[in-house]
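Scroll down for the structure; my scribbles are underneath it.
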Amino acid sequence: MQRVGIFMRSLPGNYIQEKIHAIAQFERWRRRSAKVGTLEPLLSFFTTPGFTDEIIHIYIGKDLTQGTQDLGEDEVIEIIEMPLVKTIELINDGTIKDGKTIIGLQAAYLKLFGKN
């Protein structure tokens, strides 16, 4: 398996399955130094069933407090804020290619704007 040598638009992620809620809070803080008021589970899915038992958990964060990033030396993360509807357009035109990001954004869109 080879790393993709391009910059990608994606949701922050951490694949450790223990203490999932605390990890999600930490990831949000570390990437932005943002505090999440409420973290609501949205969905969980297997990354590659039949190959691994890895599960990704997607949350919706609410009541966010903005901050500054706290990244490692080798991390390059640009925060891009946009309306959720715009992210669906970027999925449809092929700009957003990361699988967990596509699943998370589409699930958030359906939860907020679709019929559940």
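No lab work stands behind these numbers, since they all come straight from the coordinates. What you are looking at is a predicted structure, and each value in this text was computed from that prediction instead of being measured. Positions of Cβ are backbone-derived with ideal geometry, glycine not excepted, and every protein chain shown enters the neighbour counts.
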Selection over the range 38-85 where residues are closer than 18 Å to Ala108 by Cβ and either assigned to a loop (DSSP other than H, G, I, E, B) or of a type in the set (Asp, Glu) (or both) yields a count of 7
Selection from the range 88-116 of residues over 20 Å from Ser44 (Cα atoms) and of a type outside the set (A, V, I, L, M) yields Glu89, Asn92, Asp93, Gly94, Thr95
Those residues of the range 40-77 which are loosely packed, with under 10 Cβ neighbours inside 10 Å and in contact (Cβ under 8 Å) with a residue 24 or more places away in the chain amount to Asp63, Thr68, Val76
Here the residues within the range 86-97 that are outside any loop (DSSP other than H, G, I, E, B), touching a Ser or Thr at 6+ places or on another chain (Cβ under 9 Å) and closer than 19 Å to Ile60 by Cα are Thr87, Ile91
